[in-house]
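Student: If you scroll down you'll find the structure; I have some questions about it.
Rule-based calculations on the coordinates, nothing more; no lab input. These numbers come from a predicted model, not from an experiment. Neighbour counts run over all protein chains shown; Cβ positions are idealised from the backbone, glycine included.
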Amino acid sequence: MARKYDVHSTKDFLVWAILLLALGLWCAKDGWFPSESVKERHPRLVTLTAEVDGMITDVYLSSQGLPVTEGQPAVRLLPYGTNAPVVLKTLVKGEVVSVNVKKTDDVKSGKELIVIQPQDSFYAFNKSLAVLSLLGAAICIIIHKAIR
């Protein structure tokens, strides 16, 4: 004679599915559609600009794709009217995307000198966590429906 078991299911998988769905949507928003405040904290590109009018006397970061560290000298600028050169340093750790000046160039204040792509894993982390969380939410929903 076969036994009949009356086992009641819990809503644990439904709760986990909702939590993973919320986490996945939040990470997808930050990873693919960041707000302005997130873009300020984690910029995709950092631009080194001239602070004063002057002449470039040395360019230390001369090639594209060159890895840089924070505080590394990038450009030496001799402001007009002085003999004291100003050394502009990188603001972040990353990779040089473009160098827009060369030695003996005249630059105006605010001119874009070097563009650096920061070595920041914020966006990649959020995108991968979003995919894994949404996949986990789908699996939890399937299990919840199967045991009900």
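Student: Taking every pair of alpha-carbon atoms in the range 48-119, what share in percent sits in each 5 Å bin, from 0 to the bin with the longest distance?
Tutor: 4, 20, 30, 24, 14, 6, 2, 0
Student: Only Cα pairs under 8 Å and at least 6 apart count here; give the relative contact order of the chain as a rounded whole percent.
Tutor: Rounded, it is 34 percent for the chain.
Student: Further question: Kindly express, to the nearest 10 degrees and within the range 0 to 90, the angle between helix 122-147's C-alpha long axis and the longest C-alpha principal axis of the chain.
Tutor: 10
Student: Further question on the same structure: Amide H of K93: which non-local residues (sequence gap of 5 or more, or other chain) have their own amide H closer than 5 Å, using H built in the peptide plane?
Tutor: Counting only residues 5 or more places away or on other chains, the set is E70, Q119.
Student: Now, a different point. Modelling each spin label as a point 7 Å along the Cα-to-Cβ direction, I'd like the S98/A2 distance in nm, to one decimal.
Tutor: Output for this residue pair reads 7.2 nm.
Student: Scan (1) 49, 33, 29; (2) 101, 25, 19; (3) 53, 38, 25 for the value of Cα extents along the principal axes in Å calculated from this model and give just the label.
Tutor: Computed from the coordinates, Cα extents along the principal axes in Å corresponds to (2).
Student: Expressed in nm to one decimal, what extension gain is obtained for the pair A146 and T69 from 0.36 nm per residue of sequence separation less their Cα-Cα distance?
Tutor: Roughly 22.5 nm would be gained on extension.
Student: By how many degrees, 0 to 90 and rounded to 10, does the Cα axis of helix 12-32 deviate from the longest principal axis of the chain?
Tutor: Approximately 20 degrees, to the nearest 10.
Student: Follow-up. Which whole-number percentage describes the relative contact order of the range 48-119, with Cα contacts under 8 Å and a sequence gap of 6 or more?
Tutor: Relative contact order, the range 48-119: 42 percent.
Student: Then there is this: If you look for lysine pairs in the chain that are eight or more places apart or on different chains, how many of them have Cα atoms under 19 Å apart?
Tutor: 11
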